[in-house]
There are 4 protein chains.
Amino acid sequence: MCRWLAYSGRPVRLEEFLVKRDRSLIDQSLHSRLGATTTNGDGFGVGWYDDQQLPRIYRSTHPAWNDRNLRELAAGVSSPLFLAHIRAATGTAVQETNTHPFRHGRWLWMHNGYLGDFLRVKRSLVLEVDPVLYPEIEGSTDSEVFFYLALTFGLEEDPLPAVERAVGFVEATAQAHGIEDPIQMTLGITNGERLWAIRYSSEGRSRTLFMSADRETVQALHPDNPRFKGLTDEDRLIVSEPLSDLPGVWLEVPESTAVIVQPGADEQVPFRPQAHRGPARSPEPALEANGATTTAGSGPPPPR
Amino acid sequence: MCRWLAYSGRPVRLEEFLVKRDRSLIDQSLHSRLGATTTNGDGFGVGWYDDQQLPRIYRSTHPAWNDRNLRELAAGVSSPLFLAHIRAATGTAVQETNTHPFRHGRWLWMHNGYLGDFLRVKRSLVLEVDPVLYPEIEGSTDSEVFFYLALTFGLEEDPLPAVERAVGFVEATAQAHGIEDPIQMTLGITNGERLWAIRYSSEGRSRTLFMSADRETVQALHPDNPRFKGLTDEDRLIVSEPLSDLPGVWLEVPESTAVIVQPGADEQVPFRPQAHRGPARSPEPALEANGATTTAGSGPPPPR
Amino acid sequence: MCRWLAYSGRPVRLEEFLVKRDRSLIDQSLHSRLGATTTNGDGFGVGWYDDQQLPRIYRSTHPAWNDRNLRELAAGVSSPLFLAHIRAATGTAVQETNTHPFRHGRWLWMHNGYLGDFLRVKRSLVLEVDPVLYPEIEGSTDSEVFFYLALTFGLEEDPLPAVERAVGFVEATAQAHGIEDPIQMTLGITNGERLWAIRYSSEGRSRTLFMSADRETVQALHPDNPRFKGLTDEDRLIVSEPLSDLPGVWLEVPESTAVIVQPGADEQVPFRPQAHRGPARSPEPALEANGATTTAGSGPPPPR
Amino acid sequence: MCRWLAYSGRPVRLEEFLVKRDRSLIDQSLHSRLGATTTNGDGFGVGWYDDQQLPRIYRSTHPAWNDRNLRELAAGVSSPLFLAHIRAATGTAVQETNTHPFRHGRWLWMHNGYLGDFLRVKRSLVLEVDPVLYPEIEGSTDSEVFFYLALTFGLEEDPLPAVERAVGFVEATAQAHGIEDPIQMTLGITNGERLWAIRYSSEGRSRTLFMSADRETVQALHPDNPRFKGLTDEDRLIVSEPLSDLPGVWLEVPESTAVIVQPGADEQVPFRPQAHRGPARSPEPALEANGATTTAGSGPPPPR
């Protein structure tokens, strides 16, 4: 559907990976090799942390390959942590509010894949979103609703369990609607300090995801490649598809796996959707029209 | 907030009222006289019925005054029934899906005004939308949710009572949330055969609305004006503000009033919000995640 | 570079060929089979003659495949004569003024191909444009300059010789600059009454061009295909690549050939660039800064 | 026509002046007080020097007031030198290539005003542009041609005399065409090290231009205003209209005057258009179609 890229490490200009590679993300917008679609021309977005460690977003509905502002920005901005996403829409409108990454507070979220038969389950999923968060939803995509479900289930406190619960809830909802293929995803998530990348699909044949090998390995394999001279131990790229054909540089992230990029050693852990046992969320603040106070959604709702 | 125009009558080119008047709608996009805002530059939309009597929409996020495609279209297309709307956004994103008129089946809907403190009541309002209709909501505006509420309450069967119920529901919901100024509106609504225009606000000081005088009056007042030579008895314009200063041509629509433009004599009737007694809508088709079948809306609501 | 389509015949909705074919023009914007590029996502344009026989244009910088307005327009507008073009930019900006078809008076012009090494010859070519026409040039493409050269050389009086002279001039100018591959082109040109389609390139290996077979042939080959029931003898499509795989329906236009679609029998004639012998054009109206009146360009300049 | 702002001094976030003032530039896009037009909604541009001292540009065709990317960029980017421009178009297309600032090498240029009766003189002006520079012209505005004239006349070597010659040439050309009001302008120009601001018009009633007072004056007048605590002696703003009503903070730049903002003391000098004595420029590299080498421009100017 889409292609994305996430970088964490020493500050680099965005163009380093968005533009200046044989198979840079901008190149992939026109000629993806591994994507479900060749062309990812339905808008794009870049999210980066600025020198105040605040997340900034540039999003556009134009194809990445012909957007001059993107090239200017990518040349002019350096960051130690950024995400970029090129979109191939699957029905929902091409508009900035449908373009990744999505942002909430310090968090950025991007998604490649889909929630199966989304329009059939959309209302049930949206009802589960914390009513306090609900008004923030601006677009119409499955990916944004998915983000707000994960936030509802505790993303800001502990991201992986929250996403596991969100996926569990999406799968349970889909199954209740008789939908066979509930979810397909690779996710890139960050709070400005760590980066979580997840590969999963209900059917067990997920969209591709790769991470760059560690500095030592890369430099040993390519001792004369000037591109790798300045690498540090903390530099890590996660990508939907490799930016080059250099052997040994790109490691496939296994199925049903989450990668955590962080200061010091990174981690790789299994990703297992959690059976839904009710979200921990803020009480519904809204009064219904009849004036009665209710709690929203399925609550801490034993008898459901 | 916005400005709009609705025409019903003999087929005319759209440019007749969008472009070729001293104070055409395009002119009003830059220099509104009566609007809450002078500039209505946050996109626009035109809806017209084509020679198959099907509604077509052109919407853009650019200001109407500098959109060349709008001028081309307005010059090239004739229609016996069309709506046009220029937007001044009040917080929600400038995107085509937030641009009026909105469409459902044969129906078009446009709104000038607001639902008070919308983000606080949005979830409660959206929950009331018929679950079958819910997935059609593509944008993030109050006006679109308002349209889907009216559809939920029976717009397609009997428009005025449906809007009266929708307004009643919006007002009741707002009051339950302690919102003082629930709704401000002029509405233009059509199914391709009739045109309903409504002026109302909870505070009783509504946005302006005018209708053109009947053929006989206009021609008697301006016997030499070539513009009025070809008028027929069926021609009627409804506008947020007059397209000219010609005396006697524009009649103000009174507060809390609906105008029905139709073959034969048009009508003018009081508009009175209806206390909400529960919508007539299709049963909830969705299964909740636990597999139980429920009906939608806020409740197990027998006595509502 | 690009793909295009021209239709002349009984009035049909634009969507008939832009949308409702297996390999409609919109489909080709994402998946061209025969184009120099697979993706033609750098904007598009549609030009049609309205019920006053006036040419109207809708142009957009978005990819055709995701532009909702294009689908609305294509569904709502019928015309007996229209052109449509999808662009794959080759360096110049993606902006509406670089999008085909270009218009002058009643004339529309669209081009697939290029003028070789355009930036090196641009000034020389532009200097040759009639000074009266010069201020109309709004964009930065080779195709628009080419159009204004053809207009300068008499397009409105006799199109084919004018284009032959324009191509001759482009080739001579390129050769003087040592450019090996001066021009590559298929052209679609119309004045609202006739349609000229030309296939030519300096190297003799031109971009593909096809025309639909005549009614009798098509109906004989496909007697049961409902699509062809309503055909008339005047219906003709010219396309960069076929809209279907139906055998016998699409005839390749030969190299260096012009097709003239007109009431009665269409024509097919050789296309031969003309050695440049000076344009027939209006005298330069401009005064130079020193106040002397001069004639523009190379004038009616005998010895050139 | 337009409004603009230029800043030079200690690095500040762009939002400081684009967003965070009562009458910030974004506010002026909707509500200009001193402009020839109230609304400047036909696109905008920002040019800044990044941490490599390279000029970067973000330009958009949307109104500044509703462009979210502009707010993101303005919040995320700091620079010691930047320009920003909001456009009110006067006939030419709303497209990024018509949006200021324009860039050549390290130089940025923005203009408020017009060249009188531009389409009548455009060809004569463009012919004067150095043929080496000519292919860089991408848009269709008077302001961009003006920039390329100034470059042709030596902007990169000595800016003020070059602009004086360019204005002299524009005025002479206009007079030769019988145009009464040749030029109206305020200009903001920079090479990344200095900033030139010029106020001039042929009629002697120029668009407004203001500069901020020096640090000492501002702090003496407003000792308690926290906004001015961090000022340095080098900080200087030049604006089409003041960003606040604070007395003593904004000094009007006199008619026919240039301001030079530079390290150490800034300068203010008279601006006097120079009679055109032929440009100093590179020899014409182009071969005409007949193969003869010619020099460009209107002149037989031997000693050039």
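Would you confirm whether or not the range C:128-142 contains a residue that is under 14 Å from the mean Cα position of the chain (by Cα) and at pLDDT 95 or above? Yes, the range C:128-142 contains at least one residue that is under 14 Å from the mean Cα position of the chain (by Cα) and at pLDDT 95 or above. Looking at the range D:151-163, can you tell me whether even one residue there is under 19 Å from residue D:108 (Cβ atoms) and within 14 Å of chain C (Cβ to nearest Cβ)? Within the range D:151-163 (the criterion being under 19 Å from residue D:108 (Cβ atoms) and within 14 Å of chain C (Cβ to nearest Cβ)), the answer is yes, since at least one residue qualifies. State whether one or more residues within the range D:144-161 are over 17 Å from the mean Cα position of the chain (by Cα) and surrounded by fewer than 21 Cβ atoms within 10 Å (Cβ to Cβ). Yes, some residue in the range D:144-161 is over 17 Å from the mean Cα position of the chain (by Cα) and surrounded by fewer than 21 Cβ atoms within 10 Å (Cβ to Cβ).
Scanning the range D:17-49 for residues that are free of Cβ contacts under 8 Å to residues at least 60 places away in the same chain and of a type in the set (S, T, N, Q) yields D:29, D:37, D:38, D:39, D:40. Just so you know, in the range C:89-136 the residues that are more than 9 Å from chain D (Cβ to nearest Cβ) and among the basic types (Lys, Arg) include one that is farthest from residue C:5 (Cα to Cα), and it is C:106. State yes or no: is residue B:26 in contact with a Cys (Cβ under 8 Å, 6 or more places away or on another chain) and crowded, with 24+ Cβ neighbours inside 10 Å? Spelling it out, it is not the case that residue B:26 is in contact with a Cys (Cβ under 8 Å, 6 or more places away or on another chain) and crowded, with 24+ Cβ neighbours inside 10 Å. Out of the residues in the range B:174-200 meeting the condition of being within 14 Å of the chain's Cα centre (by Cα) and of a type in the set (Gly, Ala, Ser), tell me which one is farthest from residue B:105 (Cα to Cα). Only one residue tops the list, namely B:197.
Is there any pair with a first residue in the range A:88-114 that is at pLDDT below 95 and a second that is aromatic (Phe, Trp, Tyr) whose Cβ atoms are under 7 Å apart and which are 6 or more apart or on different chains, and what are they? Here the result reads A:90/A:114, each pair linking the range A:88-114 to a residue that is aromatic (Phe, Trp, Tyr). For residue B:137, the conditions (1) over 30 Å from residue B:9 (Cβ atoms); (2) crowded, with 23+ Cβ neighbours inside 10 Å are fulfilled apart from (2). If only residues of the range A:71-88 that are part of a loop (DSSP other than H, G, I, E, B) and crowded, with 22+ Cβ neighbours inside 10 Å are counted, the one that is nearest to the other protein chains (Cβ to nearest Cβ) is A:77.
The values are calculated or read from the model by the stated rules, or taken from the named source; none is laboratory data. All of these numbers come straight from a predicted model, not from anything done at the bench. So basically every Cβ, Gly included, is an ideal-geometry build from the backbone, and we count neighbours across all protein chains shown.
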